[in-house]
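One structure is given below, encoded as structure tokens.
Values quoted throughout were computed directly from the atomic coordinates according to the rules given, and no laboratory measurement underlies them. Everything quoted here is computed from the prediction, not taken from an experiment.
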Amino acid sequence: MVTIRDVAKHAGVSPATVSRVVNGLVGYSDETRERVETAVQSLSYETDYLARGLKTRQTSVIGLLAPMVSDALASQVMQGVEEEAQERGYAVMLGRTGAKSAYIAGYLRTLRTYRAAGVILISAVITPETRQLLGPNVPIISVAISDKSGSPSVAIDDEQAAYDATRHLLRLGHRRIGQLTGDPASIYVAQPRKRGYPRHDRSRLHPGDRHRQLLLRKRRRRRGRTAAAGARPHRDLRDERRDGRRRRQ
């Protein structure tokens, strides 16, 4: 079996340099990197991830837990995670949690046993129970949902997003506006979206928006008066023609 020392001897560098190149670290020139990569390919060297795990006390495995694999958001996140993980030499362990929290607990215990390098939760919050099951040494982050507790997360502000979207439609003059909030029982997504939805309450609009609405009303009134004033002569002319025909008859 080819070892890292064999690669180092073939490339004319130290084993530490080979380790830095293989693991994507810094501290070497482009020429050195090319020599090491050539030696790796020539000798068909493969990294011993088990040995690395014993040394670093963690494996090159990232846990990715999603409620539904077919979900549009989850599939996009999974694609991004897998591409980045492959580029950095990590493997992804995918788990479908569904709606049962028991599945999440089982996956977390497994990832803790495997000494995963990290865990990503999609559409799930990090609870104290989650942290306890995973242990203090495994990093974890949630995607798409934030519980405002300070736990690591990548998510949008659903309440502000709903408010901004509704305000934009109101500024365009729309009045009959519907809202899709997702699962109505979700306290982390649906309820913030409902709070951010102004429900056509113009008092919550920016002063500039209210000014725009006043201008639109004045413009409509002006158009209405102009149309009414222009319509009267035509009606009067028709009446005169009708009266003239009656007199001739």
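Tabulated data for the structure shown
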{"quantity": "Cα pair distances in segment 58-154, grouped into 10 Å bins until the bin that holds the longest one, percent each", "calculated": "17, 53, 29, 1"}
{"quantity": "Principal axis box of segment 4-47, alpha-carbon based, largest edge first, Å", "calculated": "23, 18, 15"}
